[in-house]
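**Q** A single structure is presented below for examination.
The values are calculated or read from the model by the stated rules, or taken from the named source; none is laboratory data. Keep in mind that what you see is a predicted model, and the values were worked out from it rather than measured. Virtual Cβ from ideal backbone geometry, glycine too; neighbours counted across all protein chains shown. Only protein heavy atoms, including side chains, enter the accessible area calculation; ligands, DNA and RNA are left aside. Shrake-Rupley method; radii C 1.70, N 1.55, O 1.52, S 1.80 Å.
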Amino acid sequence: MRFAAVLICSLVAANAHEWRSRCYQFRRDWVAASNDAERALEIALQVADEPAQARALFQASLVAERKRDWLVARVNAEQALELFRKQGNTLAVARILN
């Protein structure tokens, strides 16, 4: 029971960091957006949740693109694309390819 509660709390935290990264991107605060995307990815990796990893990687790729760090943006987007395809999430695949 305790493990399930920790897992749920971790997933909520990863989701919160991912959405906060989006908010910082809207405000053009690239450093804060990058930090939150990285934190979301760290948490998602710790709990081994692939959908959360894919979403965090996608946000990290968007931030890197805005910062004109093309190589990092491409690597993150390709990793997110692979995870989204593995999950069968065609909408997210289309968003990345667009």
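**Q** What helices in the chain pass both tests, a Cα length along the helix axis of 15 Å or more and a mean Kyte hydropathy of 0.0 or higher, using whole DSSP H runs?
**A** Within the chain the helices that satisfy the rule are 2-26, 30-47.
**Q** So what is the 222 nm mean residue ellipticity for the chain from helices alone, if each DSSP H run of at least 4 adds -39500 (n - 2.57) and you divide by all residues, rounding to the nearest 500 deg cm²/dmol? Working shown, then result.
**A** Values: 5 runs with 86 residues, N = 98.
Computed ellipticity for the chain at 222 nm equals -29500 deg cm²/dmol.
**Q** Report the label-to-label distance for residue 16 and residue 65 in nanometres (one decimal), using points 7 Å from each Cα along the Cα→Cβ vector.
**A** Between residue 16 and residue 65, the label points sit 2.8 nm apart.
**Q** Per residue, how large is the accessible surface of the chain? Use a 1.4 angstrom probe and give square angstrom.
**A** On the way: 6510 Å² over 98 residues.
Here the residues of the chain average 66 Å² of exposed surface.
**Q** Mind telling me which of 11, 57, 71 comes out most flexible in a GNM of the chain, alpha-carbon contacts under 10 Å?
**A** 71
**Q** Nothing charged except the Cβ atoms of Lys and Arg (+1) and of Asp and Glu (-1): what's the magnitude of the dipole of the chain about its Cα centre? Round to the nearest 20 debye. Mind dumping the intermediate values first?
**A** On the way: 14 positive and 11 negative charges, 58 e Å.
For this selection, approximately 280 debye.
**Q** Just the number, please: carbon plus sulfur as a percent of the accessible area of the chain, 1.4 Å probe, no ligands or DNA/RNA counted.
**A** Numbers: 3680 of 6510 Å².
That share works out to 57 percent.
**Q** According to a simple spin-label model (label point 7 Å from Cα along Cα-to-Cβ), what is the distance in nm between residue 94 and residue 74?
**A** Between residue 74 and residue 94, the label points sit 2.6 nm apart.
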